[in-house]
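> Just passing along the structure, written as structure tokens.
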Amino acid sequence: MEAKWAEHRKYPRKQVCLWVEVRLDSGVIVDGAALNLSHGGLLFETDFMLPLDCTVRVTLLRDGEAREHHVECHGTVCRLDSQGVAIMFGEVCADCTARLNHLLQTGEDDGGEPILVAAFAGEYY
């Protein structure tokens with residue numbers, strides 16, 4: 001008999017076209033493209049692997065928007081697989097929650113890839 005597995009999530013996921021910057025506690029920065037986003041976290045595609053269960057600071061940027069309109073929050077790397085890196089968000093401030101709501105309401109994937117909208121290279125040490 002074949003067991004059926006159903007995925008149960010607290011928040012629905014939505015496909016988005018966003019640039020993701022993830023900073024580890026060590027200061028290392030990894031960037032990539034968001035595959036999907038929810039109030040609880042995100043899945044993003046990157047060329048780099050992150051340590052499972054590490055805490056990170058996540059910055060989400062939409063193409064063409066100023067950096068002051070970004071969403072920034074803390075989270076934990078909770079899954080690594082062939083699809084990408086999953087991060088579960090911790091507490092998100094009220095201002096960033098409002099920005100996250102906006103991204104989730106208007107963030108339909110347009111089929112394109114995110115364009116790097118800010119230069120992060122100066123932050124590498």
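All of the numbers you see were taken from the coordinates with simple rules; none came from a lab. Predicted model only: the values in this text are computed from it and were never measured.
> How long is the stretch 14-109 along each principal axis, judged by its Cα atoms, biggest number first, in Å?
Taking the Cα atoms of the stretch 14-109, the three principal extents are 30, 25, 22 Å.
> Ok, one more. Between Asp47 and Asp95, 0.36 nm times their residue separation minus their Cα-Cα distance comes to what?
Details: separation 48, 0.36 × 48 = 17.28 nm, distance 3.03 nm.
In short, 14.2 nm is gained.
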